[in-house]
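The values are calculated or read from the model by the stated rules, or taken from the named source; none is laboratory data. The model shown is predicted, which means the values in this text are computed figures rather than measured ones. We place every Cβ from the backbone using ideal geometry, glycine too, and count neighbours over all the protein chains shown. The area values use the complete protein model at the heavy-atom level, side chains included, leaving out ligands, DNA and RNA. Shrake-Rupley method; radii C 1.70, N 1.55, O 1.52, S 1.80 Å.
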Amino acid sequence: MSYAGPEFGSPRPRRPRRPLTVALAVLVPGALLGWLVYEGVGGAADGNGTPAAASPRASAPPAASSTTAEDKKPLSSLQGKVVVIDPGHNVTNFRHTAEINRKVDIGTNRKECDTTGTSTDSGYAEAEFTLDVAHRLRTLLEGKGATVKLTQDGDRPYGPCVDERARIGNSAKADAVVSIHADGAGAGQRGYHVILPGRVHQGIADTRRIVAPSAELGELVAHDFGRVTGTAPSNYIGDGTGLDTRTDLGGLNLSKVPKVFIECGNMRDSEDAALLTSGAWRQKAAQGISEGIVSFLRG
């Protein structure tokens, strides 16, 4: 016989225990986990009595930042600036005399589309010099973050004409334009000079808004060019200032943005020619022009 228990009565039906056991097995660890999370975030209030819902520690974690490593790079000094470099002439202009002799409107009068430029006594062409310096200058300015455009890159049969050169700078909305040249004066005439636009308001030309900023650009370029290259201002133009103002150049007359020309030296003087034909000196020339432009754009 079986023993029913202390009351010796009929045994009561027993409650099934498995569901309760399962429920407790689920609820207890869950409650314990909740308590641990609660304690980890500081409980119902932070140290100052702030409700947990308002506590930064209890709030949802911020969304992952979309900032990339590229975004974290420091902005370059010329980022967002546009510089147009105008390498004077073209090495193949001499093959297209009819085209470059065509007259174009420069506001004050009509003038040849372009010229062949000059050369050293040894035959090193001005157009070769200007394109080489332009390439070096582009590398330096792009290294500072600037957007750089060239009016020509040895990729055209001739030109462009002086009016088109001006339009390229205008269309680019350039912050600065520098036209690179070397002079063809007589032997013994040495040094560099920077040509500034004069005040012109005639025909399609109107330089009134660019005269002042162009003068500032030109002064800075002249100063830094002389300092970096170690050369002196022209001894035949500009009265020792290295600056010359002109109103007969279409590339300046038709510009609507700050623009200057630089004559880096005299190709027809043997001492200047020795500098102009040196790759190391041309790098200094590019560096000097670059530093002047950077100073201008930084304001």
Any chance Ile204 is crowded, with 24+ Cβ neighbours inside 10 Å and either more than 20 Å from Ala127 (Cα to Cα) or not acidic (Asp, Glu) (or both): no
Test: Asp132 is in a helix (DSSP H, G or I), within 13 Å of Cys264 (Cβ to Cβ) and of a type in the set (D, E, K, R): yes
Selection count, the stretch 216-257, where residues are in contact (Cβ under 8 Å) with a residue 24 or more places away in the chain, acidic (Asp, Glu) and assigned to a loop (DSSP other than H, G, I, E, B): 1
Members of the stretch 258-274 that are part of a helix (DSSP H, G or I) and either under 12 Å from Val194 (Cβ atoms) or free of Cβ contacts under 8 Å to residues at least 40 places away in the same chain (or both): Ala274
Pair list, Cβ < 9 Å and 6+ apart or interchain, from the stretch 275-287 residues that are within 11 Å of Thr120 (Cβ to Cβ) to residues that are open to solvent by 60 Å² or more (accessible area, probe 1.4 Å) and polar (S, T, N, Q): Thr277/Ser122
The stretch 135-159, residues that are in a helix (DSSP H, G or I) and either more than 29 Å from Ala274 (Cβ to Cβ) or not hydroxyl-bearing (Ser, Thr, Tyr) (or both): His135, Arg136, Leu137, Arg138, Leu140, Leu141, Glu142, Gly143
All positions within the stretch 148-174 that are open to solvent by less than 70 Å² (accessible area, probe 1.4 Å) and within 21 Å of the chain's Cα centre (by Cα): Val148, Leu150, Thr151, Gln152, Asp153, Arg165, Ala166, Ile168, Gly169, Asn170, Ala172, Ala174
